[in-house]
Amino acid sequence: MDRVSFQTVREANLRSVLRTVRELAPCSRAAVASATGLNKTTVSSLVADLIGRGLIRETGETSQRRVGRPGVLLALDDRSVAAVGLEVNVDYLSVVAVDLMHRALRERHVPLDARAAGAEECARRIAAVVREFTQDPALRGRGVVGVSVAVPGLIDVPSGIVTRAPNLGWRDVPLGDLVRGSLAGVPVLVDNDANLGAMAEFRIGPCAGTPDLVYLTGEVGIGAGVLTGGELLRGAGGWAGEIGHLEMEPGGPECSCGRQGCLEALAGVEAILREALPDRAPGRPLSGGDVAALVAVAVERAEGADPVALGALARAGAWLGRGVAALVNVVNPGAVVLGGYFVPLAPWLLPPCREAALARSFAPRAGGCRVEPSELGLSAAARGGAGVMIHALETGDLPLPVGPSPA
Ligand SMILES: [Zn+2]
């Protein structure tokens, strides 16, 4: 993200009023003054400024007060700005736009063989999808405050460089600059897909509000976004959460990292498909476009009680449960959310996963950890990134928009 300090005193006060209106809406100017400790004249001026920028609006209703003039109520303006979140993964590009209330305005899922396309072509596709999105009737006339791109790999977040993304075959790709170059003036954030997925699950879905939460990406790779106390755990060099490369079975199947017996070589989607559909997915790596179709075949066979598919899913679920137990032993999450392609496979993965997690955790009852499927499917990382951009307006990590774009 473009980390510039936009915190003049007035800007800090504008953001404070914005946060307060989000918390208290619908609320009067007097309520904002009392919650922020700012005087009423200052609040009136700040509110007028935020209305001009298209960030808050008057609801048309008034507060019921016994004494004095009734106050006009304020709420966030969900009509003027949007943030766009994307995820580029091995076989798709996922894109979502959200409004100031974090509500999805428009979503799209584009099949894309990212391994074959290469980084520069992916960056071009990302910019093209964003431009196309802003012309969509659901977004036309809205100012785009920021664009986030989630990538399955190690990211240097301040520079927007993808240091390593083995499943995409990328190394030291300046993705932030490549995308920013095609989107004049729009701030761009590049972050890890699991981290942004965890931020989405923290904000929406069945485990929302759980401050110690782990999101597991169910893609060709398995990454973990780890929230402890509501904060992302990144580690000293940004490598935290690489649970996919935890060695589970010494001498086991080969992994994309060059080692053997890693969790993702046993329970990643590619590994599951290879085992569940030996007639359909014999080799690796699968070509990008095949994954979604093959997952659908695996679901169909599991529903039809095909013993090969059921056996493969049961084994993968048990490996995942061992991974969850490792997480429980180290960070004691309140919830582990299975995302991506794990979601359609969850009816078969979850029972052995929960059982193994309970049996192999040191803490009784797996330390109180729930294991749940995501409700966001393949949109979690895109949704999480868009949410981070909206939140950045309130924290000062993004400049406040000047005003609504002309329609
Ligand atoms: Zn590995």
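The values are calculated or read from the model by the stated rules, or taken from the named source; none is laboratory data. For clarity, every value in this text was computed on a predicted model and none was experimentally measured. Every residue, glycine among them, receives a Cβ derived from its backbone with ideal geometry; neighbour counts consider all protein chains shown.
Assess whether A194 counts as being in contact with a helix residue (DSSP H, G or I) (Cβ under 6 Å, 6 or more places away or on another chain) and modelled with pLDDT of 95 or more.
Working: in contact with a helix residue (DSSP H, G or I) (Cβ under 6 Å, 6 or more places away or on another chain): no; modelled with pLDDT of 95 or more: yes.
No, not satisfied.
Could you tell me which of the residues L216, L232 is touching a residue at least 60 places away in the same chain (Cβ under 8 Å) and not charged (D, E, K, R)? Lay out the reasoning, then the answer.
On the way: L232 fails: touching a residue at least 60 places away in the same chain (Cβ under 8 Å).
Within the list L216, L232, the selection yields L216.
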Query raised in the report: Within segment 138-161, can one find any residue that is part of a strand (DSSP E or B) and free of Cβ contacts under 8 Å to residues at least 40 places away in the same chain?
Result: yes
Report task. Considering each residue of segment 368-379, count those that are at pLDDT 95 or above and assigned to a helix (DSSP H, G or I), and give that number. Result -> 1
Query raised in the report: Just wondering, is there one or more residues in segment 319-331 that are surrounded by fewer than 23 Cβ atoms within 10 Å (Cβ to Cβ), at pLDDT below 95 and either within 23 Å of R360 (Cβ to Cβ) or not hydrophobic (A, V, I, L, M, F, W, C) (or both)?
Result: no
Query - segment 31-48: number of residues that are surrounded by fewer than 16 Cβ atoms within 10 Å (Cβ to Cβ) and of a type in the set (A, V, I, L, M) - result: 1
Query raised in the report: Are there any helices (runs of 4 or more DSSP H) wholly within segment 247-336 with 3 or more residues that are within 13 Å of the ligand (Cβ to nearest atom), and if so which?
Result: 263-267
Query raised in the report: Is it the case that L189 is in contact with a helix residue (DSSP H, G or I) (Cβ under 8 Å, 6 or more places away or on another chain), more than 14 Å from the ligand (Cβ to nearest atom) and not assigned by TED's automatic domain parsing to the domain that holds P352?
Result: yes
**Report entry** Residues (more than 10 Å from the ligand (Cβ to nearest atom) and among the charged types (D, E, K, R)) located in segment 221-246
**Finding:** E231, R234
Query raised in the report: What are the residue pairs meeting all of these: first residue in segment 259-271, first residue at positive phi, second residue not in a strand (DSSP E or B), Cβ atoms under 9 Å, and 6 or more apart or on different chains?
Result: G261/M248; G261/E249; G261/P250; G261/G251; G261/G252; G261/P253; G261/C255
**Report entry** Only one of T134, T59, T41 that is modelled with pLDDT under 90 and not assigned by TED's automatic domain parsing to the domain that holds S256
**Finding:** T134
Query raised in the report: Could we say that A116 is touching a residue at least 60 places away in the same chain (Cβ under 8 Å) and part of a helix (DSSP H, G or I) here?
Result: yes
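Kindly establish whether A316 is buried (at least 24 other Cβ atoms within 10 Å of the Cβ) and modelled with pLDDT under 95. Lay out the reasoning, then the answer.
Numbers: buried (at least 24 other Cβ atoms within 10 Å of the Cβ): yes; modelled with pLDDT under 95: no.
Judged against the criteria, A316 is not a match.
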